[in-house]
Amino acid sequence: MDPTTDNAGQTGDPGDARAALEALRAEIAKAVVGQDPAVTGLVVALLCRGHVLLEGVPGVAKTLLVRALASALELDTKRVQFTPDLMPSDVTGSLVYDTRSAEFSFQPGPVFTNLLLADEINRTPPKTQSSLLEAMEERQVTVDGTPRPLPDPFLVAATQNPVEYEGTYPLPEAQLDRFLLKLTIPLPSRQDEIDVLTRHAEGFNPRDLKAAGVRPVAGPTDLEAARAAVAKTTVSPEITAYVVDICRATRESPSLTLGVSPRGATALLATARAWAWLTGRDYVIPDDVKALALPTLRHRVQLRPEAEMEGVTADSVITAILAHVPVPR
């Protein structure tokens, strides 16, 4: 057997890894109809070791999307329903007293997984929201002074409802900035919705992905090979300056009270590199930066109240900035 190939058929070759990750779209499409941009965003986040905030009204398959991704990548996944009475230990784990050994032992929480689905994260108080901060940033959980590393890969996919704010706790800017991408999950087109209903009429069960035919097409080995290849993707000084100019323009926008931080600029460069590699290039072009600017930056800016009242959105401000910042040739 080839030493670079494991039992699941995964290889360490970057070309094979790209083909495997591209196959995710077709595999996830067996369960989720018409959400290619969200699938791509989740793959980009995995390549960049980042986390994703999924925003959409109830019933647009946010949970199903993450479950299908985990199945197609052969990764472990757990789901936490965030509620007002959820405690930090319900997420990270806690020390439990063992009467037989008369000692405390650590009981891992659901955060010890590859893909954590944090459902309706804005429905839990800040104390519990903040319990995810160390896990997201440091990739470890500290309980009773002892740090415990999380599995690799590790991705938090948090969902929130954009239309119902009663009884919610909006994420603070510092925590929003920890998410690499904010992906909006739109309502399906008429044809996509017809396809969804047709599948259900034919017996599709969203709780049984194996019956839907979703099979592993990639895995951790492919992700490692892909990450190594992304790290070698060339970024010219002109592209670096272009990213900086875009982010600095958000800080000068009259429609914003808060612009993109240097961490946001670093995130945009990272996602553009991942997208360039996914599309088959080993160098970044301005179009890669433009393609990832909205999902990478939209949650890192804050609108002025008067601009918001006039119907201005974060997306419209960033789009206008992209149209005005000179593009390197």
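The values are calculated or read from the model by the stated rules, or taken from the named source; none is laboratory data. Since this is a predicted model, take the numbers as computed values, not measurements. For neighbour counting, all protein chains shown are included, and Cβ atoms are generated from backbone atoms with ideal geometry for every residue, glycine included. Quick note on the areas: whole protein, heavy atoms, side chains included, nothing else; ligands and nucleic acids left out. Shrake-Rupley method; radii C 1.70, N 1.55, O 1.52, S 1.80 Å.
Quick check on the stretch 176-192. Is at least one of its residues among the acidic types (Asp, Glu), over 18 Å from Ala274 (Cα atoms) and not in a loop (DSSP other than H, G, I, E, B)?
First, pick out the residues of the stretch 176-192 that are among the acidic types (Asp, Glu): 177, 192.
In the following step, the residues that additionally are over 18 Å from Ala274 (Cα atoms) were identified as 177, 192.
With not in a loop (DSSP other than H, G, I, E, B) added as a condition, the list becomes 192.
Yes; the residues of the stretch 176-192 include at least one that is among the acidic types (Asp, Glu), over 18 Å from Ala274 (Cα atoms) and not in a loop (DSSP other than H, G, I, E, B).
Is it true that some residue in the stretch 177-184 is open to solvent by 60 Å² or more (accessible area, probe 1.4 Å), of a type in the set (Ser, Thr, Tyr) and modelled with pLDDT of 85 or more? Please lay out each step first, then the result.
To start, the set of residues in the stretch 177-184 that are open to solvent by 60 Å² or more (accessible area, probe 1.4 Å) comprises 178, 184.
Among the residues that remain, those that are also of a type in the set (Ser, Thr, Tyr) are: 184.
Filter again for modelled with pLDDT of 85 or more, leaving 184.
Scanning the stretch 177-184, I find at least one residue that is open to solvent by 60 Å² or more (accessible area, probe 1.4 Å), of a type in the set (Ser, Thr, Tyr) and modelled with pLDDT of 85 or more, so the answer is yes.
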Original post:
among the basic types (Lys, Arg), more than 10 Å from the chain's Cα centre (by Cα) and either open to solvent by 40 Å² or more (accessible area, probe 1.4 Å) or under 22 Å from Ala229 (Cβ atoms) (or both), is that true of Arg18?
Top reply: yes
Subject >> Boolean, Glu137 is closer than 28 Å to Leu95 by Cβ and either at pLDDT 90 or above or outside any strand (DSSP E or B) (or both) >> reply: yes
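Would a scan of the stretch 139-152 turn up a residue that is under 21 Å from Arg300 (Cα atoms), crowded, with 16+ Cβ neighbours inside 10 Å, hydrophobic (A, V, I, L, M, F, W, C) and in contact with a strand residue (DSSP E or B) (Cβ under 8 Å, 6 or more places away or on another chain)?
Going residue by residue through the stretch 139-152, those that are under 21 Å from Arg300 (Cα atoms) are none.
No, because not a single residue in the stretch 139-152 is under 21 Å from Arg300 (Cα atoms), crowded, with 16+ Cβ neighbours inside 10 Å, hydrophobic (A, V, I, L, M, F, W, C) and in contact with a strand residue (DSSP E or B) (Cβ under 8 Å, 6 or more places away or on another chain).
Take residues that are open to solvent by 10 Å² or more (accessible area, probe 1.4 Å) and tell me which of the strands (runs of 3 or more DSSP E) falling wholly in the stretch 22-99 contain 3 or more.
Per the criteria, 77-81, 93-98.
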Original post:
Of these, Leu171, Leu115, which one is open to solvent by less than 60 Å² (accessible area, probe 1.4 Å), touching a residue at least 24 places away in the same chain (Cβ under 8 Å) and closer than 25 Å to Ala68 by Cα?
Top reply: Leu115
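Would you be able to say whether some residue in the stretch 205-228 is open to solvent by less than 60 Å² (accessible area, probe 1.4 Å), in contact with a Ser or Thr (Cβ under 8 Å, 6 or more places away or on another chain) and β-branched (Val, Ile, Thr)?
Applying the first criterion (open to solvent by less than 60 Å² (accessible area, probe 1.4 Å)) to the stretch 205-228 yields 206, 209, 212-214, 217-223, 225-228.
Retained after the next criterion (residues that are in contact with a Ser or Thr (Cβ under 8 Å, 6 or more places away or on another chain)): 209, 214, 221-222, 225.
From what is left, the residues that are β-branched (Val, Ile, Thr) are 214, 221.
Checked against the condition, which is being open to solvent by less than 60 Å² (accessible area, probe 1.4 Å), in contact with a Ser or Thr (Cβ under 8 Å, 6 or more places away or on another chain) and β-branched (Val, Ile, Thr), the stretch 205-228 yields at least one hit.
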Subject >> Selected residue (criterion: farthest from Arg67 (Cα to Cα)) from residues of the stretch 197-229 that are small (Gly, Ala, Ser) and assigned to a loop (DSSP other than H, G, I, E, B) >> reply: Gly203
